[in-house]
Amino acid sequence: MAGFLARRLLNYAVLVVVAASLAYLLAATALDPRSNYADRTPKPPAAVVDAQLSALNLNDRTPLLQRYATWAAGVLHGDFGRSVDGTPVNADLKRRMGVTFRLVVLGLVCGSLLGVLAGALAAARQYGWFDRLSTGLSFVVLAVPVVVLANILILAATWANEHVFGRQVFLVSGEHSDGLDTGFWGHTLDRLQHLILPTVSLSVGLIAVFSRYQRNMMLDVLGADYVRTAMAKGLSRGSALVRHALRTALIPVATYFAFTFGTLLTGATFTEKIFGWHGLGEQLINSIVRNDVNTVAAVSLLAAVAVLCASLAADLLHAALDPRVRAR
Amino acid sequence: MTLSEEELAEELRADVLTRPPSRARLIAGRFFRSGQGRLGFAVLALMFLLAFAGPLVSPWSYLDKDFTAFLRPPSPGHWFGTLQTGADVFAVTLRGMQKSLIVGLLAALVSTALAAVAGAFAGYFLGWTDRTVTWVSDLLLVLPAFLVLAIMSPLFGAGRWPLFVITLALFLWMVTSKVVRGMTISTKEREFIQAARYMGVPPVRIIFRHVIPNLSSLLIVDATLNVSTAILTETSLSYFGFGIQPPDVSLGTLIADGSRTAVYAPWTFWFAAGLLVVTVLAVNLVGDALRDAFDPSSARPR
């Protein structure tokens with residue numbers, strides 16, 4: 001087991017290095033930080049621009065490999081370099097990681113809990129009205145892309161604020177209001193108001209996915225011998241379903257949960273951008289628009305690490321929960 | 001007519017009558033017997049008809065601007081209303097749908113073909129081929145697809161959208177190829193493949209003549225579901241300006257523009273968004289019904 005894990009980790013480390021290097025090289029070739037200075041007035045002299053770009057390790061007159069070596073040496077020391085406006089990338093990303101983390105954790109917990117609940121209920125009464133309803137709804141939800149869903153939510157919230165509540169209940173932009181002076185509870189309420197819509201936009205899709213997944217897993221388990229045995233020994237259907245069927249059916253779902261967490265760190269990109277949350281995903285879009293090579297490379301490195309950590313965690317979790325996997 | 005000829009004719013007719021139905025007809029029969037399949041197919045056909053025949057009946061083309069009507073609601077002159085630029089929403093939306101449908105179909109075809117070839121080669125040859133394919137697909141899974149597509153987006157301008165399709169397809173094939181690889185490893189041990197191998201058929205020929213056709217049901221379903229994934233990815237990228245580049249339009253760019261004016265001019269947003277959702281829903285219904293048709297054991301008992 002230890003040898004297997006070590007080989008796996010080594011493979012992951014190589015993957016991360018290659019993925020990050022590819023991302024850096026691609027970004028450094030395709031993006032053009034020099035163009036950021038072109039439309040400034042007054043136009044800065046070429047020598048000044050050159051010096052500025054060289055200081056940031058973004059000068060396209062320096063050979064690509066030399067820039068790459070400087071960047072890689074920095075990353076090995078834990079320094080992702082500086083963004084196009086000279087601020088350190090590390091500090092910026094550290095702050096943004098917190099923002100993304102809060103959003104993703106809440107969205108994922110809501111989505112998976114409600115999804116598992118819906119899926120289990122649907123499976124318990126297969127072809128009942130709830131099963132049909134949830135199947136139909138999840139089909140519709142899976143056909144709505146996040147960019148459309150988020151905009152529909154914003155429209156609905158604007159309408160509700162105007163016509164139902166008559167005041168701003170749902171706040172559609174940012175993480176919190178600036179310059180609020182209402183004490184602790186006021187702040188909490190304000191944050192909650194900002195949090196509702198992005199969380200809904202993240203969770204709705206997850207609910208659909210998790211409920212389909214949980215339903216199928218549950219249906220596989222329901223016909224199993226040990227569930228029938230449990231009922232034969234006198235357990236009621238309800239407690240047999242919860243104590244025996246649901247627990248077994250949750251194992252693959254837990255694995256899926258861990259994996260989704262890793263992909264969501266950048267998967268929340270659209271939600272963050274549309275709702276104006278200053279997280280990692282939003283920075284990915286902004287940095288591409290601003291030709292910010294170092295930030296692009298840093299975010300892709302984080303994304304790669306997150307995906308690999310998540311898939312490792314998913315495997316370990318599966319082994320921890322399911323003795324049959326460990327035995328192999 | 002002599003007796004033997006008559007017998008022969010009789011035999012021929014009997015042969016026609018007792019010939020088992022072909023697999024394609026069997027699948028098509030099962031597919032169209034399910035309500036889901038019928039509905040999905042009908043809606044999808046309607047969407048194609050609308051996207052490609054609709055512009056013929058509309059008085060406006062997607063390039064026309066009506067300078068007497070800016071941001072007007074739907075009317076007999078402009079069926080879906082007009083945009084801020086005076087463009088006809090009906091014409092522009094259909095143009096966007098054409099692009100989204102074509103991009104979706106092509107990207108799905110390319111990615112499924114890629115998945116089939118890569119997975120089958122990896123599973124058949126194992127060893128170094130397998131390790132290389134697995135490693136490359138792991139690498140592509142780790143790289144954020146959105147990032148690579150977004151960085152490459154300046155290259156997609158000026159009518160070079162086929163490049164966009166290929167890049168998009170490059171990020172859709174990995175998971176399927178892993179499934180194909182697993183199935184190839186088990187198919188490889190079947191008698192007809194071993195027979196072919198002992199008869200000296202070259203491995204590449206075995207893969208294309210025997211292995212991949214035997215996985216066709218998986219691949220067809222996968223290609224169908226990939227169409228919806230590709231359309232959704234294309235829309236999201238175009239929404240942020242990283243996909244289809246102007247002057248070309250796609251549903252994504254339309255939704256992005258429409259969402260800015262949606263509060264006071266709902267027609268600029270809802271037609272494009274609605275048609276997108278209906279199209280993707282229809283594709284998913286067709287894919288699901290196809291899966292049931294190929295594998296009756298997974299279908300709901302009724």
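Listed by position, the helices (runs of 4 or more DSSP H) enclosed by segment A:1-87 include none that has at least 2 residues that are touching a strand residue (DSSP E or B) at 6+ places or on another chain (Cβ under 9 Å) and either within 14 Å of chain B (Cβ to nearest Cβ) or over 25 Å from residue B:150 (Cα atoms) (or both). When B:122, B:113, B:108 are screened for being surrounded by fewer than 21 Cβ atoms within 10 Å (Cβ to Cβ), in a helix (DSSP H, G or I) and more than 14 Å from chain A (Cβ to nearest Cβ), only B:113 passes. The helices (runs of 4 or more DSSP H) found entirely in segment A:217-328 that carry 1 or more residues being within 14 Å of chain B (Cβ to nearest Cβ), open to solvent by 50 Å² or more (accessible area, probe 1.4 Å) and not aliphatic (A, V, I, L, M) are A:247-267, A:269-275, A:293-321. Any idea which residue in segment B:288-302 is modelled with the lowest pLDDT, counting only those that are within 11 Å of chain A (Cβ to nearest Cβ) and part of a helix (DSSP H, G or I)? Residue satisfying both the conditions and the ranking: B:298.
From the list A:167, A:61, A:95, the one residue that fits, being of a type outside the set (Phe, Trp, Tyr) and under 25 Å from residue A:305 (Cα atoms), is A:95.
Please find, within segment A:151-163, the residue that is nearest to residue A:206 (Cα to Cα) out of those that are buried (at least 16 other Cβ atoms within 10 Å of the Cβ) and more than 9 Å from chain B (Cβ to nearest Cβ). It comes out as A:153.
Evaluated against (1) out of contact with any Asp or Glu (no Cβ under 8 Å at 6 or more places or on another chain); (2) at pLDDT 85 or above; (3) of a type in the set (Ser, Thr, Tyr), residue A:295 falls short on exactly one condition, (1).
The residues listed here are A:166, A:136; of these, the one that is at positive phi and surrounded by fewer than 17 Cβ atoms within 10 Å (Cβ to Cβ) is A:166.
Checking the condition within 24 Å of the chain's Cα centre (by Cα), outside any loop (DSSP other than H, G, I, E, B) and without any contact (Cβ under 8 Å) to a residue 60 or more places away in the chain, which residue from A:99, A:109 passes? Write out each step before concluding.
Details: A:99 fails: without any contact (Cβ under 8 Å) to a residue 60 or more places away in the chain.
After ruling out the rest, the residue left standing is A:109.
Residues that are in a helix (DSSP H, G or I), among the charged types (D, E, K, R) and open to solvent by less than 10 Å² (accessible area, probe 1.4 Å) within segment B:82-105 are absent altogether.
Within segment A:64-76, the set of residues being closer than 13 Å to residue A:298 by Cα and open to solvent by 100 Å² or more (accessible area, probe 1.4 Å) comprises just one member, A:76.
Of all residues in segment B:207-223, those that are surrounded by fewer than 20 Cβ atoms within 10 Å (Cβ to Cβ), within 17 Å of the chain's Cα centre (by Cα) and not hydrophobic (A, V, I, L, M, F, W, C) total 2. Residue A:122 meets each of the listed conditions (1) surrounded by 15 or more Cβ atoms within 10 Å (Cβ to Cβ); (2) farther than 30 Å from residue B:104 by Cβ apart from (2). Residues in segment B:224-256 that are at the interface with chain A (Cβ under 8 Å from one of its Cβ atoms) and open to solvent by less than 20 Å² (accessible area, probe 1.4 Å): B:228, B:235, B:236, B:242, B:252, B:255, B:256. The residues of segment B:261-282 that are assigned to a helix (DSSP H, G or I), open to solvent by 30 Å² or more (accessible area, probe 1.4 Å) and among the β-branched types (Val, Ile, Thr) amount to a single one, B:278.
For segment A:115-165, a residue qualifies if it is among the polar types (S, T, N, Q), assigned to a helix (DSSP H, G or I) and farther than 24 Å from residue A:260 by Cα, and the qualifying residues are A:158, A:161. Is one or more of the residues making up segment A:201-208 open to solvent by less than 30 Å² (accessible area, probe 1.4 Å), within 13 Å of chain B (Cβ to nearest Cβ), under 22 Å from residue A:272 (Cα atoms) and of a type in the set (A, V, I, L, M)? Within segment A:201-208, one or more residues are open to solvent by less than 30 Å² (accessible area, probe 1.4 Å), within 13 Å of chain B (Cβ to nearest Cβ), under 22 Å from residue A:272 (Cα atoms) and of a type in the set (A, V, I, L, M). What number goes with the only condition from (1) outside any helix (DSSP H, G or I); (2) more than 12 Å from chain A (Cβ to nearest Cβ) that residue B:219 does not pass? Of (1) outside any helix (DSSP H, G or I); (2) more than 12 Å from chain A (Cβ to nearest Cβ), only one is false for residue B:219: (1).
Residues in segment A:122-150 that are more than 14 Å from every other protein chain (Cβ to nearest Cβ) and modelled with pLDDT of 90 or more: A:129, A:130, A:133, A:134.
The values are calculated or read from the model by the stated rules, or taken from the named source; none is laboratory data. Predicted model only: the values in this text are computed from it and were never measured. Glycine gets a Cβ as well: all are built from the backbone with ideal geometry, and neighbour counts include every protein chain shown. Please note that ligands, DNA and RNA were not included when accessible areas were found on the heavy atoms of the full protein model with its side chains. Shrake-Rupley method; radii C 1.70, N 1.55, O 1.52, S 1.80 Å.
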